[in-house]
Amino acid sequence: MLSLENITRIIHEWLNSHFNPAIALDTEFVLVGVASITLFALLGLSLVWMERKVAAVMQIRLGPNRVGPKGIFQTTADTLKLLMKEGLVPDGADKFLFNLAPFIVMIVAMLILAPIAFAKNFQIWDINIGVLYLSAISSLSVIGILMAGWASNSKYSLLGAMRSGAQIVSYELSAGLSVLSIVVLTGSLSIKDIILSQQNGWWIFKAHIPALISFIIFIIAVTAETNRAPFDMAEAESELTAGFHTEYSGMRFALFFLAEYINIFIVCAIGATLFFGGWMPLHIGSWQAFNHIMDYIPSSIWFLGKTIGLIFLIMWFRWTFPRLRIDQLLNLEWKYLLPISMFNLLLTSLVAIMGWYF
Amino acid sequence: MIEEIGRTTEGDLIINIGPQHPATHGVLHLVITLNGETIKKVEPHLGYIHRSIEKMCESLSYRQFIYVTSRMDYLSSHINNHACALCVEKGLQIEPPQRAQYIRVIMDELTRIASHELWWGAMAMDLGAFTPFFHAFRERETITDIMEKTCGARLTMNYMVPGGVMAELHPGFQRDVERFIQLYKSKFEEYSELVTGNVIFQNRMKSVGVLSKEDAISYGCSGPVGRASGVSCDIRKLYPYDIYNKVEFDEITETEGDSYARYVVRLKEIQQSIRIIEQLLGNIPEGDFQAKTKAVLKLPKGEFYQRVETARGELGVYIVSEGGTTPYRIKFRSPGFSNLSALEHMVKGLKIGDLIAAMGSLDLVIPDIDR
Amino acid sequence: MLNEDLKSKLVEILPLISFEDGGEWLNAYVPPEELLACVNQLRATPGFDFDYLFCLTCIDWKTHFTMVYHFSSTLHRHNIVIKARIDRMNPEIETVSHIWRTAEMLEREVYDLFGVVFRHHPDLRRLIMPDDWQGWPLRKDFEDPVNMIKL
Amino acid sequence: MFLKDYIKDVYGAVSSLLKGMRMTGYYFTHHKEIITEQYPDNRETLKIADRFRGEVVLLHDENNEHACTGCSACEIACPNGTIKIINKFDISPEGKKKKAIDTFVYHLELCTMCNLCIEACPTDAIKMAQTFEHSVYDRSKLTKKLNNEGSKLREGIE
């Protein structure tokens, strides 16, 4: 069967049989790099298109429909336009930091890609502290945003960046705590182990109430962490015009824009991995026939399907809710989400110790 | 701007909101002084769309000047035209036929609904929810279609003339309006589900931009802004013009005076407008739609003042006539101008997000402020 | 209160006031130096309670200016128009912005377009025209050779 | 008591949010609610209201005759100076001088579609057309001559 796992194995074996191991490894590095950059570009373009279509239908519009069938090449055309645009650097900006910031944001988004399992045995880096790595790296992106805001020499950008800093630092807590509850249930920090532990059912079903609560908290927290509406304080276009990337134009702006969508993809992939079993097909207890049919669907489709489902949920939020105010945003975190997630962690521990899950 | 920087203390952040800014819906320019995110001072700078309509009107005849007033508060252009027509009629001492009065009032109320609809969408958009904007336009579109069929234009209609209205109603007018009312009633639930009931929206609006009754009067606030603070200031009730004294409707007043109260007042006003239209629609009397007037209108020497209730508040038309064919001086008392002056008082000490919410709830139309 | 009642009561309080016939509301002229005292009375005297200033403007009569104040009472629902003739060469009048807050902006507008100086106004600057603009656009003799559109 | 209020708060908040999501979810699944008009593609089926004010036209019949006597009522009524009527004097066969229009100049770029000229016209010679695609690359193209070449006044109109 032609699956991602087989392809990688074939490439790996071919390289190792024709070259010496060092060159083979180097080639694999390059291949992985090229593959992930390609994935980035494709993901960014398709997710932007998806967002625009979802928004349009919810707003009783048609959305992009001129470039290509159903407008699928619209985002490509937009990116080409952005590439050709002049990248302005405002007067008085710190040129070095100003140019660096979009790349930092982009690199951080790329780094998080490493431990994510896209399909069965298809993972760039199976690190045994995968979850820890994820939460460590994902909090780095705020540096890029702060850099952009500070270096722009614009008050709007500065305010947006400061808001973003406050926001990401606070929501990191409850995101971490809700991830922890799954770690408590699994007993492992490795992404692979977490997925394998869901062979007989996804955690959101197996661990019922605590998992559901932590999933809701997780979704809220990552929406805030990726600066998406209703928590898009950093960009808040009706207040700060465009927040931290007010002064960016051309390709630098496009990098920020793409990074936003990559970040959404990644956090949704994490959510799918932790709560919905990653590439694990849907298995229901003793329904052997059903389980067998489910196994026929390739694992990569399972993973992508779950991730896109979660991405849709986040988009749904964006096109339904108004934005919070900055103090309400922090209130929500410190007064509601943090106490609830702490309590939930206790509950999860209790469930895990007593074995009250299926 | 240099003087302003001189007047502030160290650590203050001065930000220009506008003249190009997504939340000002036009070219309003606010210079705000911030301490962190807290607003210390708001100073409006006007004039970016000042066309000096008052001066222009001095050289236009009494028939001609009405069309310019559509460009003041373009969202309630019918009502502006109505005010001017009424003021000229007051000077000429003619009364339009009953049919014209009915048509005028129905058109006014349709305009009011369209204006409030647009405001509803824009308000939600100010707070970051985009979807309601398009949903609001769906209903508004039916009204502009009705306007287009009868008046020939969608926004700046110029349908009211001294002595009545310019043209007979479109044959399908009644059916269209009934269809609109039906559509609106079927969609009204959506408004509360999508926006009004939303917990984020309520938190953003409640106790934000509070204006007490005394302040509202002192700042000259009128319309929904005044009524949300508990000031009974509906000109349609207090100084009825045309046939407003014959129709039954409630003057909506709230007491909180915050942004949410202003929001509620406007939504309830839409329903009152529908109530007015429903009362009048079936009973439009037969007859002329225009009184016989001379080709060249000459107002007697004197001063004439007409107050009407636009979607934003009290519009005053003050004509000073020297007896000629053109006004000697004309003054438009625009509701937005006075409402804007209360903005600083409302938002002092609040956050930037609150400024946007309060500004949105004032329903500012910048050409109306600048004139 | 009806116009006649207002008139008789006003004469008692303010002897310097004179009236003009016509118009639906009572038109009263006050000397400009008496304006502040007059409007203070209108605002504070029980029975008058003119708490709502709904229109403030100026008329250029080529020989003089007339300041026009439209007052209304939200309590008693009566209206009055107060006018004050001021010198055209040296237009100056007391501000009323400390009594009615809305007057602050309205007076700035009148200053901007007519050049009437309001004494003791907290912040008398140009509101609509640019800060470095020369001339007073709504005066009858205003000519702008550069920006004039002629058809 | 505090805990009860807290839970009630959370419940009310979440349910109000879900209501909103149900509404947008409804529109996401019901594509027939979409109201977009694909404008340049639907030119054939586009319905323009018959009173729509697009531009002023001078009506000509099949004999290339119009009803404009050149009385300039529209020119006077126009608030913007949109219309300029240039008259000439025709010599009729009997040798009488007769006023007729030479050029009916219409500045579309100045027109605000206020309909006052149509109202003022005593012979109903002009009317508003329903065209609305007026954009051109050269501004001078917006200044139009409304009377056709060689057209003349219809018989019997004074």
Within the stretch D:77-89, tally of residues that are more than 10 Å from chain C (Cβ to nearest Cβ), more than 17 Å from the chain's Cα centre (by Cα) and in contact (Cβ under 8 Å) with a residue 12 or more places away in the chain
5
Looking across the stretch C:93-151 at residues that are surrounded by 13 or more Cβ atoms within 10 Å (Cβ to Cβ) and of a type in the set (Asp, Glu), the single one that is farthest from the chain's Cα centre (by Cα) is C:Asp112
Condition first: surrounded by 24 or more Cβ atoms within 10 Å (Cβ to Cβ), among the hydrophobic types (A, V, I, L, M, F, W, C) and over 18 Å from the mean Cα position of the chain (by Cα). Can you find one or more residues in the stretch B:128-137 that meet it?
yes
Would you point out which residue out of D:Tyr11, D:Tyr26 is exposed (fewer than 12 other Cβ atoms within 10 Å of the Cβ), not assigned by TED's automatic domain parsing to the domain that holds D:His134 and not charged (D, E, K, R)?
D:Tyr11
The stretch D:11-39 residues that are within 7 Å of chain B (Cβ to nearest Cβ), paired with ones that are assigned to a loop (DSSP other than H, G, I, E, B) and hydroxyl-bearing (Ser, Thr, Tyr) (beta carbon under 7 Å, 6 or more apart):
D:Gly20/A:Thr320; D:Thr24/A:Thr320
Would you mind stating whether C:Val39 is touching a Lys or Arg at 6+ places or on another chain (Cβ under 8 Å) and either in contact (Cβ under 8 Å) with a residue 40 or more places away in the chain or closer than 28 Å to B:Lys213 by Cα (or both)?
no
Which of (1) at positive phi; (2) of a type in the set (A, V, I, L, M); (3) at pLDDT below 85 is the odd one out, the single condition D:Met113 does not satisfy?
(3)
Where in the stretch B:41-103 are there helices (runs of 4 or more DSSP H), lying fully within it, with 1 or more residues that are small (Gly, Ala, Ser) and within 14 Å of chain C (Cβ to nearest Cβ)?
B:77-92
Applying the selection to the stretch B:112-131, what residues are in contact (Cβ under 8 Å) with a residue 24 or more places away in the chain and facing chain A (nearest Cβ under 9 Å)?
B:Ala124, B:Asp126, B:Leu127, B:Ala129, B:Thr131
Looking at the stretch B:277-339, what strands (runs of 3 or more DSSP E) fall wholly within it and have at least 1 residues that are at pLDDT below 85 and at the interface with another protein chain (Cβ under 10 Å from one of its Cβ atoms)?
B:302-309
Please identify the pairs in which a residue from the stretch B:40-55 that is in contact (Cβ under 8 Å) with a residue 60 or more places away in the chain has its Cβ atom under 6 Å from the Cβ atom of a residue that is in a strand (DSSP E or B) and among the polar types (S, T, N, Q), counting only partners at least 6 apart or on another chain.
B:Lys40/B:Thr33; B:Lys41/B:Thr33
Does A:Met106 fit the bill of being within 17 Å of A:Tyr261 (Cβ to Cβ) and in contact (Cβ under 8 Å) with a residue 12 or more places away in the chain?
yes
Of everything in the stretch B:193-209, what is surrounded by fewer than 20 Cβ atoms within 10 Å (Cβ to Cβ) and either within 20 Å of the chain's Cα centre (by Cα) or not in a helix (DSSP H, G or I) (or both)? Give them in sequence order.
B:Gly197, B:Lys206, B:Ser207
Where residues in the stretch B:12-31 are of a type in the set (A, V, I, L, M, F, W, C) and within 10 Å of chain A (Cβ to nearest Cβ), which of them is surrounded by the fewest Cβ atoms within 10 Å (Cβ to Cβ)?
B:Leu13
Quick test of your reading of the structure: D:Leu110 fulfils all but one of (1) away from chain B (no Cβ under 14 Å); (2) free of Cβ contacts under 8 Å to residues at least 40 places away in the same chain. Name the failing condition by number.
(1)
Of A:Ile220, A:Ile216, the only residue that is within 14 Å of chain B (Cβ to nearest Cβ), closer than 27 Å to A:Trp302 by Cβ and either out of contact with any helix residue (DSSP H, G or I) (no Cβ under 6 Å at 6 or more places or on another chain) or of a type in the set (S, T, N, Q) (or both) is A:Ile220
Filter the stretch B:198-221 down to residues that are among the aliphatic types (A, V, I, L, M), within 14 Å of chain C (Cβ to nearest Cβ) and in contact (Cβ under 8 Å) with a residue 24 or more places away in the chain, then give me how many there are.
2
Please go through the stretch D:33-63 and give me each residue that is over 30 Å from D:Met23 (Cα atoms), part of a loop (DSSP other than H, G, I, E, B) and not hydrophobic (A, V, I, L, M, F, W, C), ordered by number.
D:Arg43, D:Glu44, D:Thr45, D:Lys47, D:Asp50, D:Arg51, D:Arg53, D:Gly54, D:His60, D:Asp61, D:Glu62, D:Asn63
Any chance the stretch D:133-151 includes a residue that's under 22 Å from the mean Cα position of the chain (by Cα), away from chain C (no Cβ under 14 Å), within 29 Å of B:Leu297 (Cα to Cα) and among the small types (Gly, Ala, Ser)?
no
Any strands (runs of 3 or more DSSP E) falling wholly within the stretch C:12-63 and containing at least 2 residues that are in contact with a strand residue (DSSP E or B) (Cβ under 7 Å, 6 or more places away or on another chain), surrounded by 18 or more Cβ atoms within 10 Å (Cβ to Cβ) and within 14 Å of chain B (Cβ to nearest Cβ):
C:26-29, C:52-60
Do we have any residue at all in the stretch B:222-233 that's part of a helix (DSSP H, G or I), within 14 Å of chain C (Cβ to nearest Cβ), buried (at least 20 other Cβ atoms within 10 Å of the Cβ) and touching a strand residue (DSSP E or B) at 6+ places or on another chain (Cβ under 9 Å)?
yes
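The values are calculated or read from the model by the stated rules, or taken from the named source; none is laboratory data. Just so it is clear, the structure is predicted and the values come from calculations on it, not from any experiment. No Cβ is skipped: glycine too gets one built from the backbone with ideal geometry, and neighbour counts run over all protein chains shown.
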